[in-house]
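Values in this text are rule-based calculations from the coordinates and carry no lab data. What you are looking at is a predicted structure, and each value in this text was computed from that prediction instead of being measured. With ideal geometry, Cβ positions are generated from the backbone for all residues, glycine too; neighbour counts draw on all protein chains shown.
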């Protein structure tokens, strides 16, 4: 079991460029064992931030990519059949709570509401997880910490967190970094020059101005990094931007033309 926990340790430092006081605030929340909710658009650095903080705190990290088919048993655990009969298998939430890991529920709003309710007893003063099928009340390890994330831009009446869930968490807002910081991030992550990174960031800024005017979502920092990585591999900048930015984000031909024009302005 010790080996299983060590498998979840973040061995090498995940590079993260702070944009405000989020590192200090997360450290304070961890010290208080306050559950944390990360809110922001896709590809803005939420997952990298959690990985960095797990490394900084020296704690194992258990990550769950939430989806609409995920059941409470997928999170908590279930009995499994094997050659000797049945055995209990902790789900990732129970595993993290039992062994003192940080449990990160990525895009938690994608999970069904009856599934997310399962986290409630772990997010107040009780810090327990009822394993009803097993007849166990699991008391969370003192080092256990729960972190969730979601993209408020995808909220709807059918897909949003209950207020009874939201109010159990402290929240950190994430957004696109300011231009200078984003240039540094793209240059570092993609391995391109600052000049190339600057051009990619300016393309991203122009594309984000189209959100709500033909684009459902702005170009993420991740997409800019992908374009930079292709350029670093010797791909022509226009082709790299077409593959990593223009084509993934829209199928509308008019929007593609507008984005292609923005790319042509800089490359």
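Largest first, the extents of the alpha carbon coordinates of the stretch 1-134 on the three principal axes equal 52, 33, 30 Å. Note on the chain: GNM, Cα springs under 10 Å; of 207, 54, 31, the largest mean-square fluctuation is that of 31.
Here the stretch 48-89 is scanned for amide nitrogen atoms under 14 Å from the site 7 Å beyond the Cα of residue 7 along Cα-to-Cβ, giving 61-63.
The mean sequence distance of close C-alpha pairs (under 8 Å, at least 6 residues apart), as a share of the length of the stretch 179-266, puts its relative contact order at 28 percent. The fraction of Cα-Cα pairs per 10 angstrom bin, counted from 0 for the stretch 57-140, comes to 17, 50, 28, 5, 0 percent, rounded to whole percents. The peptide list 77-87, 33-43, put in order of mean Cβ contacts within 10 Å with the highest first, becomes 33-43, 77-87. Taking 0.890 mPa s as the viscosity and 25 °C as the temperature, the Stokes-Einstein diffusion coefficient of the stretch 107-235 based on its alpha-carbon Kirkwood radius rounds to 137 µm²/s. Seen against the Cα atoms of the chain and their longest principal axis, helix 253-266 is set at about 70 degrees. Axis angle, to the nearest 10 degrees, between helix 221-232 and the longest C-alpha principal axis of the chain: 60 degrees.
Give me the percent of DSSP beta bridges within the chain that run antiparallel, rounded to the nearest 5. For the chain, the DSSP antiparallel bridge percentage is about 35. Between 0 and 90 degrees, the angle of helix 46-57 with respect to the longest Cα principal axis of the chain falls at about 60 degrees. Rg and Dmax, both from the Cα atoms of the stretch 179-266 and both in Å, are 11.7, 34. With contributions of -39500 (n - 2.57) from each DSSP H run of at least four residues, the per-residue ellipticity at 222 nm computed over the chain stands at -11000 deg cm²/dmol.
Matching the structure-derived Rg and Dmax of the Cα atoms in Å against the labelled list (1) 22.8, 93; (2) 17.1, 49; (3) 20.9, 67 gives the label (3).
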